[in-house]
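S.K.: The structure that follows is given in the form of structure tokens.
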Amino acid sequence: MSNLSEDLKKAFLFGVGAIAKTNEKAKELIDELVSKGAITIEQGKTLNDELKHNIQEKILEKEKQINSELISQIKDMKNLSDEDIAVLKTKIEEVEKERNEK
């Protein structure tokens, strides 16, 4: 169970990282076009704003997908063994302890 949530977290972070990297490269391209005079500064700003908006939408979509997968996993918990439930309870206690220490 713990590995699954870690895998989902890694997948989410990978997706966000890929989106951020794409944003950086697109911004570099826009800046280059502006410096060459291929587009105006105002057009560059508009393109950059649109890109930021699109990235935010993609991040929200990814969050929804991960939340949906987590909900599905939670529904499947009725099939957990007693050992799995004990491990899950221990993990929850650890997380609560960490939150309370902050």
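S.K.: Once the whole set of protein chains is in place, how much accessible area is left on Asp84, using a 1.4 Å probe, in Å² to the nearest 10?
M.R.: Number for this one is 70 Å².
S.K.: Shape call for the chain from the C-alpha gyration tensor, a ≥ b ≥ c root eigenvalues: rounded (a/c under 1.5), prolate (a/b greater than b/c) or oblate?
M.R.: prolate
S.K.: Per-residue ellipticity at 222 nm for the chain, helices alone: DSSP H runs ≥ 4 residues times -39500 (n - 2.57), over residue total, nearest 500 deg cm²/dmol?
M.R.: -32000 deg cm²/dmol
S.K.: Further, regarding this structure: Roughly how much of Thr46 is accessible, in Å² to the nearest 10, using a 1.4 Å probe?
M.R.: Answer for Thr46: close to 60 Å² accessible.
S.K.: Under 5 Å between amide H atoms, partner at least 5 residues away or on a different chain: which partners does Ile39 have, H built in plane at 1.01 Å?
M.R.: Those lying under 5 Å, H to H, from Ile39 are Val34.
S.K.: Taking the Cα centre of the chain as origin, sum charge times position over the Cβ atoms of Lys and Arg (+1) and Asp and Glu (-1), and report the length of that vector in debye to the nearest 20.
M.R.: 220
S.K.: Let me ask another. Give the peptides 33-39, 92-98 in descending order of average Cβ contacts within 10 Å, highest first.
M.R.: Put in order of decreasing packing, that is 33-39, 92-98.
S.K.: Contour minus end-to-end for Thr40 and Glu98, with contour as 0.36 nm per residue of separation and end-to-end as the Cα-Cα distance?
M.R.: Stretched out fully, the Thr40 to Glu98 stretch lengthens by 15.8 nm.
S.K.: On the protein heavy atoms, probe 1.4 angstrom, tell me the percent of accessible surface of the chain carried by carbon and sulfur.
M.R.: Roughly 55 percent of what the probe reaches on the chain is carbon or sulfur.
S.K.: Related question: Considering only Asn79, Asn23, Asn54, give the residue with the highest GNM mean-square fluctuation for the chain, with springs between Cα atoms whenever their separation is below 10 Å.
M.R.: Residue with maximal mean-square fluctuation among Asn79, Asn23, Asn54: Asn79.
S.K.: Here's another thing I want to ask about it. Apply the Karplus parameterisation 6.51 cos²θ - 1.76 cosθ + 1.60, with θ equal to phi minus 60°, to every residue of the stretch 66-72 and state each ³J(HN,Hα) to the nearest whole Hz, in sequence, with x for glycine and proline.
M.R.: Taking θ as phi minus 60°, the curve returns 5, 4, 4, 5, 5, 4, 4 Hz for the stretch 66-72.
S.K.: For the stretch 36-89, what ratio Rg/Rh do Cα atoms give with a Kirkwood hydrodynamic radius?
M.R.: Ratio of gyration radius to Kirkwood radius: 1.47.
The values are calculated or read from the model by the stated rules, or taken from the named source; none is laboratory data. Please read these numbers as outputs of a predicted model, since none were measured by experiment. A quick note on method: Cβ atoms are made from the backbone with ideal geometry, for glycine too, and the neighbour counts reach across all protein chains shown. Accessible surface is based on the protein model in full, side chains and every heavy atom, while ligands, DNA and RNA are left aside. Shrake-Rupley method; radii C 1.70, N 1.55, O 1.52, S 1.80 Å.
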